[in-house]
Structures are given as C-alpha cells and as structure tokens.
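Below: one structure, written as structure tokens.
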Amino acid sequence: MNKIPVVDFSLISTKNGRIPSEEDWEVISKEVDKVLTEIGFVYLKNHDVSEESISNSFARSKEFFELDETSKHKYLKKRAGAFGYVEPNQEMLAPGEYSAELRESFDSDLGTMETTRQSVDLIKEVPGFLTAITTLADECHDVIEKLHNVLARALQLDDLEYFNKVSKAFSDRKIPTATMFRTIYYPPISEDIKQGAIRCAPHTDYGTITLLFQDQMGGLEVLNASGAWIAATPIPGTILVNTGDLLYFWSGGRYPATTHRVLVPETETKRRLSRQSIAYFIHPDDDVMVSPLGGQGSNQEAVSAYEHVKMKLDKTYKF
C-alpha cells in the first residue's frame, strides 16, 4: 500500500441525536480493519471533532513554545509519563543513531486535564493553553470510544465494549493510565544544524491507538509493508489514526505497529518554518493484564499495561 486511505466516519456519527444502525457499524468496522491490518494508519473524516477546538489548540500551543527558555523550563518534565514540558533531546526515540532530535513537546495526563477542567490554569504565561488542549481532548473521547467499538467488532469479541471497559480512566481520573495528550513543536532549523540530526527518529507508538492532528507543513513519513517510506500528507478535516505496540500484541499480530518518522526538510524554505502536531496516545488502565485476544499467540505471557509502557519510556527519556 503506497497511500494511506481515508475512512468516512459519518455513518457512525451520533451528532444531533443520530443513532447508527448495526449495518453502519459493520461497514465502518470492515473498512477500518482492512486499512489497519495492511498499513496500521488510517485517516478519519467527518469525525465530529470541531475545527475550532483543533485550531485553538494549535494557536495556544504555539504561544507556549515561543516563550523564552527560562519560562518553559519552569514546567520541565521530571519523569516519564508525567505532566510538563519536554525540551529538545530530552526524549530520544533512537538513542545513539542520531546526533539530535529537533522537537519540543508538552504532555498533559488525564489527571492534570481534570484539574484544568476545574478552572485551575497551571500555565500562567499562556492563559487558556491547558484549557484549549483539554477541550480538544474531551472532544476526542467520542472518537476514541467509537474506535474501541470498531476494533472489538473487527476482532469479533463477544463484548463490543471490551476496550472501553478496560479504559475506565477516561471517566474516573483517579485510575492510573499512561494515556497522554501531547502537543508537539518542531522549531525552525538553524544553518548550523548538527550533521545526523532528525526531527523525529523512526519509532512505533507504545499504546493501543494514537490520534494525530497535523498542521499543513507535512513531513511525517510511514514505513509500509514493502519497506518503502510514504508521506502521511496532511488532509484538512481529518484525524490520522495509527495502531501501537500494545495493540499489536493484544490483537495477536493482526494490527501492525507501523514505524514512522519526521525528517529535517530538504528545502531551505521549509527549514525556516516551524511544524506542529498534536497527538493523543491512548492506553488502557495501568492494571489491565494484556494477552493476545481470541487465543492467537496464547503461549505468550500476559503483561500489565503499566509494565509494557514503563519499559518503553525508560529507554527513551533523559532526566
């Protein structure tokens, strides 16, 4: 597959009180299943997340990332999985393979988003920053629940709410989970860039699914089954969804955790411009024991969601 397909989610929209039929669910489930089994990435359109919330999150995020270093370092992340700012090279996805990874990010966990929802703005320099990303995250939850349902159908599970039931942290923020909302900034690249630098090293995501919003700069590439890098070109009005390592294991290898990267632009014009994206990394509750569903790979030992993600994070972060 040399192009990431688009799936229209309007059939299972619940906007304005609409109730999708069983046939609607089956159609979307088969479409999503086919694409994810082949390439592990899919664009969703007509997903009902508002463009206003997306644009506002990008705008407030950029305000934060354009603060001076001293201001941003007040919120520097102190441990993997926690709330806060991640400076360039603090997270190295391929340690030792690249001289630098030229990006910054800001992570917000579900607990912090609950605090923000209670009108406690923790980033004083950019009023409304956390409120903007919390609003967007909240709007994503309907999409996440639908994707969980779609995956349960595709895997022919008896309980179609299985993935939602093992993700209780969305409704009870006291339940520990590695689910993380991340806004990412790739700053303009200076002329004295280190040789061997990259914006985001080739990697797979750690959880079940990731929802990604991109600006129009482009640059994300996905490694297809033939071993060729293909562009994940931004398509206005869509969310790019991909499957991660945990779902690969959970699905008995049905859904690949596809490698992806962001290179340094070749043209000088693009190097002078920043790039932004927003990712929502979805994980089950920490205490969920994960083993291949449907008996596939039944000889493999179960692992807790927490143990899985901790092993991954410990390899990538510098503190």
**OP:** For the stretch 110-148 and the stretch 243-262, compute the distance between their C-alpha centroids and round to whole Å.
**Re:** 26 Å
**OP:** Positive end of the charge dipole of the chain (Lys, Arg +1 and Asp, Glu -1 on Cβ, about the Cα centre): tell me which of N46, Q276, V166 has its Cα farthest that way.
**Re:** Q276
**OP:** Rounding to the nearest 20 debye, state how big the charge dipole of the stretch 168-319 is about its Cα centre with +1 on each Lys and Arg Cβ and -1 on each Asp and Glu Cβ.
**Re:** 280 debye
**OP:** State to the nearest 20 debye the size of the charge dipole of the stretch 117-157 about its Cα centre, where the only charges are +1 on K and R beta carbons and -1 on D and E beta carbons.
**Re:** 160 debye
Original post:
How far apart, in nm, are two points set 7 Å out from the Cα along the Cα-to-Cβ line at Y162 and at E266?
Top reply: 4.5 nm
Subject >> Residue-averaged 222 nm ellipticity for the chain, from DSSP H runs of 4+ at -39500 (n - 2.57), nearest 500 >> reply: -9500 deg cm²/dmol
Subject >> Net length gained if the chain between S274 and D142 were fully extended (0.36 nm per residue, minus Cα distance) >> reply: 44.5 nm
**OP:** Find the eigenvalues of the gyration tensor of the Cα atoms of the stretch 125-231, then list the square roots of 5 times those eigenvalues as equivalent ellipsoid semi-axes, largest first, in whole angstrom.
**Re:** 31, 22, 12
Original post:
In degrees from 0 to 90, rounded to the nearest 10, what is the angle of the helix 129-154 Cα long axis to the longest principal axis of the chain?
Top reply: 30 degrees
Original post:
Based on the mean of other beta carbon atoms within 10 Å per residue, what is the order of 265-274, 125-134, most packed first?
Top reply: 125-134, 265-274
**OP:** Could you pull out the pairs from K30/K62; K74/K146; K194/K315; K3/K174 whose alpha carbons sit more than 31 Å apart here?
**Re:** K30/K62; K74/K146; K3/K174
Original post:
Which aspartates and glutamates does K78 reach when only Cα atoms under 15 Å apart count, and residues fewer than 8 places away in its own chain are ignored?
Top reply: E87, E91, E104, D107, D109, D314
Subject >> Dipole of the chain [Lys/Arg +1, Asp/Glu -1 at C-beta], most positive-end residue of M113, H141, Q90 >> reply: Q90
Original post:
In nm, to one decimal, how far is the A59 label point from the S99 one, both placed 7 Å along Cα→Cβ?
Top reply: 3.9 nm
Original post:
Taking every eigenvalue of the Cα gyration tensor of the chain, multiplying by 5 and rooting it, what semi-axes result, largest first, whole Å?
Top reply: 30, 22, 21
Subject >> Rounded tilt (10° steps) of 305-316 against the dominant C-alpha axis of the chain >> reply: 30 degrees
**OP:** Identify which of T208, T177, T259 has the largest mean-square fluctuation in a Gaussian network model of the chain, with springs joining Cα atoms closer than 10 Å.
**Re:** T259
Subject >> Magnitude of the charge dipole, the chain, Cβ model with Lys/Arg +1 and Asp/Glu -1, debye to 20 >> reply: 580 debye
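Just so you know, all these numbers are worked out from the coordinates, no wet-lab data involved. Just so we're clear, the structure is a prediction, and the values are computed from it rather than from any experiment. In this analysis, Cβ positions are derived from the backbone assuming ideal geometry, glycine residues included, and neighbour counts consider all displayed protein chains.
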